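Read-outs: derived from the displayed coordinates by stated rules, not from any lab. Not measured: the values here are computed from a predicted model. As a convention, Cβ positions derive from the backbone with ideal geometry for all residues, glycine included, and neighbour counts pool all protein chains shown.
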């Protein structure tokens with residue numbers, strides 16, 4: 001494998017401009033550094049104290065001092081001009097062909113295609129506890145559902161976050177933008193070349209900051225359309241009937257899946273949490289006794305601990321019913337109790 | 001107060017002894033030593049955390065630490081190094097040397113000086129003990145960005161209190177430095193004659209007084225958001241998470257210069273001494289240092305180019321940041337012009353000073369690269385930034401401190417350090433520093449985010465190299481400790497003037513510096529950069 005010494009190969013015009021800017025700066029700063037180094041080395045070799053050598057006692061030279069103030073200033077102007085052009089281009093999201101809303105969560109991304117009535121979560125797909133995962137070529141840079149976009153189209157991203165600040169960064173696209181809870185920010189890209197481009201969250205967002213990669217799958221217009229149709233059909237088929245009455249074993253199986261995707265990072269697979277930071281569910285009063293309290297905290301989050309989010313905003317009634325049922329029947333919490341989606345629906349009506 | 005204390009000194013001019021000499025210290029040299037030892041201990045503690053980080057990053061996968069503990073290490077490493085190691089080290093050096101360099105009997109407020117120092121150990125204890133509380137230490141990065149910092153456990157509250165205490169300490173230390181320089185200079189030591197180290201300390205002290213309260217304010221806002229129901233940084237309550245960053249970096253950018261200006265001051269003393277030539281462009285050095293101080297207040301948002309600032313704001317902060325390169329460049333050129341046509345020798349202080357100039361230039365140039373907002377979009381939050389600020393803070397602040405310690409060790413202790421070990425320490429640090437931090441530029445360019453405990457496979461090689469470098473660099477610092485400890489006991493007695501080219505005031509008094517120096521102000525005739533043409537009428541005890 002060859003070692004990467006430079007920015008990733010750009011696949012958008014903005015990334016290309018950034019690439020050239022970096023080359024320009026590298027050359028200019030490189031020359032300046034070499035100049036400083038050579039003059040210094042010359043002095044070190046020639047102006048050392050040897051027998052009979054006396055230091056010259058000058059300590060001012062107005063001409064030289066003006067020159068080395070003015071010349072760097074002019075060089076900086078030379079750098080600022082192309083940089084200004086790129087900043088203005090980066091900031092101009094006008095005339096976008098499509099808009100995708102990106103939401104950062106601890107610790108995953110959600111993509112909503114604003115014009116298509118389609119949205120999904122994108123989780124890390126590398127298994128966390130399997131040492132064999134290190135053999136996967138895209139270790140820590142793979143997701144279950146990438147963001148699929150058409151090439152040649154100006155895609156505008158609207159970014160926000162659910163909990164803390166995240167940052168959406170795909171080097172090859174030349175895009176990095178913070179996702180800030182409670183605010184919307186926008187950025188844009190237009191991919192020229194079909195391919196899969198990988199990036200990561202670049203704003204420290206808690207314990208699993210290193211485990212929320214971003215994958216952009218840029219496809220030709222026809223392939224994108226095909227994917228869109230299939231993905232929408234899949235979403236329809238997967239939609240649950242909210243009135244369905246579930247049986248305990250089915251609900252527990254479904255709940256375990258939901259738990260693994262959403263809860264395990266804090267409460268842990270053992271249900272024991274992380275003492276002092278994330279409370280245990282195994283044996284906890286709320287997961288064994290107080291059922292309305294349990295539904296409430298999962299739906300609306302915790303008032304005392306901001307890390308416990310309001311999952312009602314992210315998960316369907318069925319998923320919430322399933323995960324609560326799972327929590328009340330796992331790790332020795334053998335209550336045998338079930339929560340049906342209809343109860344969650346009612347609870348939402350009561351609280352929202 | 002201090003003046004009268006010291007003038008009464010003949011009545012009690014024997015040294016106090018035992019623990020009370022240190023606990024109740026009012027002598028600037030004793031307090032200086034306390035600061036320096038404290039900061040060295042903090043440097044080792046922060047270094048151990050850095051090595052934990054590098055051990056985990058030696059290869060992909062999680063080997064040693066869970067992600068939450070890893071985040072605690074990155075956070076505390078930063079806080080301990082900035083507030084526990086670098087800042088107190090410069091304050092300690094200023095305590096020790098300033099009165100000697102400007103002809104003052106002591107620091108202006110001797111008792112406040114004691115309190116400034118003794119606030120630090122409890123603050124450090126709060127930081128260290130926070131690893132042991134439920135939930136562990138703060139894990140939001142040294143920047144403590146909200147709203148992440150509102151999520152943590154009690155370790156975050158301990159960190160906030162520690163910052164309050166350290167802030168009070170450094171503000172009091174700064175008041176002392178300002179008053180000492182402005183009021184206690186010996187007759188003839190004009191402001192535009194005094195050593196660059198005094199100028200740098202003076203400007204730094206003003207920066208500290210201006211921004212430490214801002215930091216105290218913003219962490220207090222986090223505290224009230226955490227516990228008292230305010231919503232400064234919570235959008236749902238009408239707050240704004242980005243407000244935190246504006247306030248933090250209004251502190252944070254001047255803070256960068258708080259850690260850099262004293263280094264510039266030290267280098268401006270060491271380079272002329274070992275070049276046997278006056279500092280080139282003293283007046284422009286003073287102006288450059290002052291303008292860096294002023295500019296440092298209007299560049300803060302260059303830390304926020306990816307938060308989504310409007311184009312005009314990005315452009316303003318980009319231009320303002322680039323502008324800082326001009327006075328910084330002037331300083332580098334002045335140092336080189338000082339070396340030019342000199343008669344240089346290369347003892348350890350000079351080696352560290354030259355290493356400083358070279359590596360700080362690299363850090364400065366990567367800073368110019370980062371200032372270009374359009375390009376910062378690629379580099380922000382990656383290892384490129386980590387490489388950049390370690391070139392500025394390790395090769396900058398730390399190397400200058402080593403230079404200063406070797407330079408003034410004979411004056412402080414009356415003994416010479418071991419020159420061969422000193423040179424070995426320099427070359428060892430120089431090599432392994434670069435092995436550690438240069439590859440991080442490549443990691444950042446390739447897109448590796450900061451503050452992650454595990455990484456994708458294409459980042460493996462450079463991370464392994466950096467980890468090897470870090471362990472060698474860290475071990476090398478024990479050479480310094482060994483040299484200091486053995487030389488304190490068995491070092492050769494220092495001659496009165498160990499450095500041929502040294503001509504500032506501290507070299508005109510006996511070696512080691514008497515416990516009470518300049519009990520009567522000397523009359524001096526000084527030239528630029530504090531070099532003494534003639535002096536009479538000093539008295540010491």
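One table, with the values for the structure above:
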{"read-out": "Residue with peak Gaussian network fluctuation, chain A [Cα springs, cutoff 10 Å], from A:137, A:82, A:285", "value": "A:137"}
{"read-out": "Length-normalised contact order for the range A:248-351 - Cα pairs under 8 Å, 6+ apart - percent", "value": "30"}
{"read-out": "Translational diffusion of the range B:396-464, µm² s⁻¹ [Kirkwood Rh, Cα pairs; Stokes-Einstein; 25 °C; 0.890 mPa s]", "value": "166"}
{"read-out": "DSSP-defined beta bridges in the range A:98-238 - what % are antiparallel, rounded to 5", "value": "70"}
{"read-out": "The range A:98-238: C-alpha gyration tensor shape, a/c 1.5 cut-off, then a/b vs b/c", "value": "rounded"}
{"read-out": "Partner chain coverage, peptide A:185-191 - average Cβ within 10 angstrom", "value": "1"}
{"read-out": "Principal semi-axes in Å for the protein assembly as shown [√(5λ), Cα gyration tensor, largest first]", "value": "55, 31, 22"}
{"read-out": "Sequence-separation-based contact order of chain B, relative, with Cα cut under 8 Å and 6+ spacing, percent", "value": "19"}
{"read-out": "Euclidean distance between Cα centres, the range A:293-336 to the range B:254-323, Å", "value": "52"}
{"read-out": "Inter-label distance, nm, simple model (7 Å from Cα along the C-beta direction), residue B:230/residue A:16", "value": "5.0"}
{"read-out": "Estimated FRET transfer efficiency (residue B:283, residue A:236; beta-carbon r; R0 56 Å; 0.05)", "value": "0.15"}
{"read-out": "FRET efficiency, residue B:539 to residue B:345 (Cβ-Cβ, R0 30 Å, nearest 0.05)", "value": "0.35"}
{"read-out": "Cα centroid of the range B:203-237 to Cα centroid of the range A:42-109, whole Å", "value": "31"}
{"read-out": "Near-label residues of the range B:308-338 by backbone N, under 19 Å of a point 7 Å along Cα→Cβ of residue A:44", "value": "B:332-338"}
{"read-out": "Contour excess over end-to-end distance, with Cα ends at residue A:144 and residue A:243 and 0.36 nm allotted per residue", "value": "32.8 nm"}
{"read-out": "Shielding by partners - mean other protein chain Cβ count within 10 Å, residues of B:303-312", "value": "5"}
{"read-out": "Difference of contour (0.36 nm per residue) and Cα-Cα distance, residue A:225 to residue A:335", "value": "34.8 nm"}
{"read-out": "Cβ crowding within 10 Å averaged over residues, with B:77-84, B:373-380, B:451-458 ranked highest first", "value": "B:373-380, B:77-84, B:451-458"}
{"read-out": "Cα-projected label distance for residue A:27 with residue B:129, points at 7 Å along beta-carbon direction, nm", "value": "5.9"}
{"read-out": "Bridge type composition, the protein assembly as shown - antiparallel percent by DSSP, nearest 5", "value": "75"}
{"read-out": "GNM result for chain A, Cα springs below 10 Å: residue of A:245, A:339, A:323 fluctuating most strongly", "value": "A:245"}
{"read-out": "Alpha-carbon centroid distance for the pair the range B:31-55 / the range B:139-195, whole angstrom", "value": "17"}
{"read-out": "Contact order normalised by residue count of chain A, Cα under 8 Å, 6+ apart, percent", "value": "13"}
{"read-out": "Inter-chain Cβ neighbour average for residues B:442-449, partner chain, 10 Å", "value": "6"}
{"read-out": "Relative packing of B:211-224, A:305-318, B:476-489, B:248-261, which averages over residues the other C-beta atoms within 10 Å, highest first", "value": "B:248-261, B:211-224, A:305-318, B:476-489"}
{"read-out": "Gyration tensor verdict on the range A:177-257 (Cα atoms; rounded if a/c is under 1.5, prolate if a/b is larger than b/c, oblate otherwise)", "value": "oblate"}
{"read-out": "Cα shape, the range A:1-65, gyration tensor, a/c 1.5 rule", "value": "oblate"}
{"read-out": "Extended-chain gain in nm, criterion 0.36 nm per residue less alpha-carbon gap, residue A:61 and residue A:193", "value": "42.0 nm"}
{"read-out": "The range B:64-209: radius of gyration and largest Cα-Cα distance (Dmax), Å", "value": "18.2, 60"}
{"read-out": "Rough spin-label spacing in nm, given labels placed 7 Å along Cα→Cβ, for residue A:89 and residue A:118", "value": "3.0"}
{"read-out": "Cβ-derived FRET efficiency at R0 22 Å, residue B:298 paired with residue A:73, nearest 0.05", "value": "0.85"}
